[in-house]
Amino acid sequence: LFENASHLRTYTELPKPYALGKYVDSWGCIWSNAHQGAEGQVVFSPLHDNNAIATYVPPSLDIDDWGVPINWDERKKAIADMKSRGEWVSMFGGRLFDRMYFLRGFTELMMDFGEENVQLLQVRDIVWDYQKRLVQKWTDCGNIDELVFHTDFGTQTSTMISPAHFRKYLFPMFSDLFGMCKQAGIRVRLSSDGNIVPLADDLSACGVVAHDPQFRACGLHNIAHYYLGKIVILLDL
């Protein structure tokens, strides 16, 4: 059972990529899922080849990640209806760092960070430009209380990239997008798994208001130390 803006829907089939099999998303990534109910993983990244980056065109904002058409006028009306009922309006703002390794390939992106290759900036800017236009679409809808962004960059013990690389390459994108939200009066909530507590100060500085740190990966003491007084803690055990 999944809840959307105006009613409840029951799925007779699991939505992609939670069903078994292989699927191509609207970005050109091929997903494979061997365990129904869990999210699959990207097994083909369209930008793993350096030569593909220059000619790559991201999907239209009028379709979702799986090619389903989006009617922004209907979304705007649904949001207004929610607000008129006194509901808290929280919408999905998109994927950030994880979108980069979906497109580039995890190994290739890690090498780009390690070697500070030009491809890193190229892939980041593709995502950054798309996300700016998506955030603007949401802000144009009006009446939104919160945008939720997804960006997994934590492992079980630490971040996938160094804090220094985050500040150099990702902080500008994050602060730009989250600044757009703040300007529109929209709260920013970040969803990111793994241990990312070393980035708490940076995330707060670029505009994250709330985050859902993982209890087992981060540890309660670390969450308290790094988050209290800076970021709203959305903790589950």
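The values are calculated or read from the model by the stated rules, or taken from the named source; none is laboratory data. Because the structure is predicted, anything quoted here is derived from the model rather than measured. Reconstructed Cβ throughout: ideal geometry from the backbone, glycine too, with neighbour counts over all protein chains shown. What goes into the accessible areas is simple: the full protein's heavy atoms, side chains included, and nothing from ligands, DNA or RNA. Shrake-Rupley method; radii C 1.70, N 1.55, O 1.52, S 1.80 Å.
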Has segment 151-164 got at least one residue that is within 15 Å of the chain's Cα centre (by Cα) and surrounded by fewer than 17 Cβ atoms within 10 Å (Cβ to Cβ)? yes
Would you say ASP112 is in a helix (DSSP H, G or I), without any contact (Cβ under 8 Å) to a residue 60 or more places away in the chain and of a type in the set (D, E, K, R)? yes
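Here is a yes/no grid of residues against (1) modelled with pLDDT under 95; (2) under 22 Å from ASP152 (Cα atoms); (3) not in a loop (DSSP other than H, G, I, E, B):
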| position | (1), (2), (3) |
| --- | --- |
| TRP31 | no, yes, yes |
| GLN36 | yes, yes, no |
| VAL43 | no, yes, yes |
| PRO46 | no, yes, no |
| ASN51 | no, no, yes |
| TYR56 | no, no, no |
| PRO59 | no, yes, no |
Which of (1) more than 30 Å from GLY114 (Cα to Cα); (2) surrounded by 15 or more Cβ atoms within 10 Å (Cβ to Cβ) is the odd one out, the single condition LEU177 does not satisfy? (1)
Identity of the residue in segment 174-219, on the phi > 0 side of the Ramachandran plot and out of contact with any strand residue (DSSP E or B) (no Cβ under 7 Å at 6 or more places or on another chain), that ends up modelled with the highest pLDDT: GLY185
Would you tally the residues in segment 55-81 being over 18 Å from VAL135 (Cα atoms), touching a residue at least 24 places away in the same chain (Cβ under 8 Å) and more than 23 Å from the chain's Cα centre (by Cα)? 1
When VAL43 is evaluated against the numbered criteria (1) open to solvent by less than 40 Å² (accessible area, probe 1.4 Å); (2) touching a Ser or Thr at 6+ places or on another chain (Cβ under 7 Å), which criterion, by number, is the only one it fails? (1)
Is it the case that some residue within segment 72-83 is open to solvent by less than 60 Å² (accessible area, probe 1.4 Å) and assigned to a loop (DSSP other than H, G, I, E, B)? no
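Could you identify the single residue in LEU170, LEU134, LEU147, LEU199 that is assigned to a strand (DSSP E or B) and either open to solvent by less than 10 Å² (accessible area, probe 1.4 Å) or of a type outside the set (Ser, Thr, Tyr) (or both)? Break it down stepwise before answering.
Values: LEU170 fails: assigned to a strand (DSSP E or B); LEU134 fails: assigned to a strand (DSSP E or B); LEU199 fails: assigned to a strand (DSSP E or B).
Matching residue, one of LEU170, LEU134, LEU147, LEU199: LEU147.
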